[in-house]
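The values are calculated or read from the model by the stated rules, or taken from the named source; none is laboratory data. Keep in mind it's a predicted model, so treat the numbers as computed, not measured. As a convention, Cβ positions derive from the backbone with ideal geometry for all residues, glycine included, and neighbour counts pool all protein chains shown. For the accessible areas, the whole protein counts, side chains as well, though only heavy atoms, and no ligand, DNA or RNA atoms are used. Shrake-Rupley method; radii C 1.70, N 1.55, O 1.52, S 1.80 Å.
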Amino acid sequence: MAPRAVAELWALNPLRALWLTLTAAFLLTLLLQLVPPGLLPGCALFQDLIRYGKTKREGPSRPAACRVFDVPKRYFSHFYIISVLWNGFLLWHLTQSLFLGVPFPNWLHGLLRILGAAQFQGGELALSAFLVLVFLWLHSLRRLFECFYVSVFSNAVIHIVQYCFGLVYYVLTGLTVLSQVPMDGRNVYVIGKNLLMQARWFHILGMLMFIWSSVHQYKCHVILGNLRKNKAGVVIHCNHRIPFGDWFEYVSSPNYLAELMIYISMAVTFGLHNLTWWLVVTYVFFSQALSAFLSHKFYKSKFVSYPKHRKAFLPFLF
């Protein structure tokens, strides 16, 4: 690979800088939570911004000013509605360009250039970005289904800042995927006579990992939902109980672990070499690890009989 190509591969464009900043912020936040209580001064607003749902109850006492900005946790469904619509829109444009030769709209192409998408012929395979965008859309569609028909939400809340971040997150993630498409002007550059000729072993492996991780995440959400239902499937309470089964036998938050595995499957689909997407994966790792750590503390504080062998996020490690 030529020196110029190597330099472009490792260049810190706006998208990479943003994901790197988010990664650093969540890493620092996680490290601060690992510091023994009392060594650092407490900050109610900071804790309010990093906790949501049940972990807000386990955290420090919340001032009345913080409660003004509460949003119901059930609004999680809004994230996936936005993602299904927006990333479906991006997928439609990418499909039009790949199979019909329709160029991207000027505004979308300009937005991708601002975010740091490079004009290059080769390098990343168009099929990789297409599959990852399909995976992201399917993931959002499944999560939307779960929000409506699987999960049982209590009166738990999230902060308005967390809500706004969640709305922006999937918009940004879809643009990140689309920015990896090899472009020739406003047209997608396809190596070979057709898209299927680009199929590689890592596309198959990534697809299998995506399905495997998605199935386990769905199972975990079903287990959590069933804790609040009777055998007939009717919701009878909104209390927290100790979940058992599937990956819950190893970690307290296997749904967060599965989320990480889903994003890793996308990195595999990109061929394991896409630096931008690995920054996304690193962000997901630390953000999910933070949520899992706080959730683990909640379970341990609430249930005296909580399984001691369970870790928070990574089996046998953390």
Relative contact order in percent for region 104-182 (Cα pairs under 8 Å, 6+ apart) equals 71 percent
Per residue accessible area in Å² of the chain, where ligands, DNA and RNA are left out and the probe is 1.4 Å
49 Å²
Taking N as the number of residues in region 231-297, what is its alpha-carbon radius of gyration divided by 2.2 N^0.38 Å?
1.44
How tilted is helix 254-269 with respect to the longest principal axis of the chain? Cα atoms for both, answer in degrees (0 to 90, nearest 10).
10 degrees
Dividing the alpha-carbon Rg of the chain by 2.2 N^0.38 Å yields what?
1.07
Set Lys and Arg Cβ to +1 and Asp and Glu Cβ to -1, take the dipole of the chain about its Cα centre, and tell me which of Thr23, His240, Gln47 lies farthest positive.
His240
Any lysines whose Cα falls less than 17 Å from that of Lys231, other than same-chain ones fewer than 8 residues away, would be Lys219
Only helices counted: for the chain, with every DSSP H run of 4 or more residues adding -39500 (n - 2.57) and the sum spread over all residues, [θ] at 222 nm is -20000 deg cm²/dmol
Which aspartates and glutamates does Lys56 reach when only Cα atoms under 14 Å apart count, and residues fewer than 8 places away in its own chain are ignored?
Asp48, Asp70
So how tilted is helix 14-34 from the main axis of the chain? Cα-based, degrees 0 to 90, rounded to 10.
20 degrees
Could you work out the Kirkwood radius for region 204-250, taking every pair of different alpha carbons, averaging 1/r and inverting it, reported in Å?
12.1 Å
In nm, give the distance between the simple-model label positions of Tyr189 and Thr95, each being 7 Å from the Cα along the Cα-to-Cβ direction.
2.6 nm
Tell me, what is the FRET efficiency for Ile81 and Ile236 to the nearest 0.05, using R0 = 22 angstrom and their Cβ-Cβ distance as r?
0.20
If the chain between Leu317 and Leu45 were fully extended at 0.36 nm per residue, the gain over the current Cα-Cα distance would be 94.9 nm
For region 200-318, inverting the pair-averaged 1/r of distinct alpha-carbon atoms gives a Kirkwood value in Å of 15.4 Å
Mind pulling the angle between the C-alpha long axis of helix 106-115 and the longest principal axis of the chain? Nearest 10 degrees, somewhere in 0 to 90.
60 degrees
Once amide H atoms are built 1.01 Å from N in the peptide plane, which residues 5 or more positions from Met183, or in another chain, come under 5 Å H to H?
Phe120, Tyr189
With the full set of protein chains in place, find how many percent of the accessible area of the chain is carbon and sulfur; take the probe as 1.4 Å.
69 percent
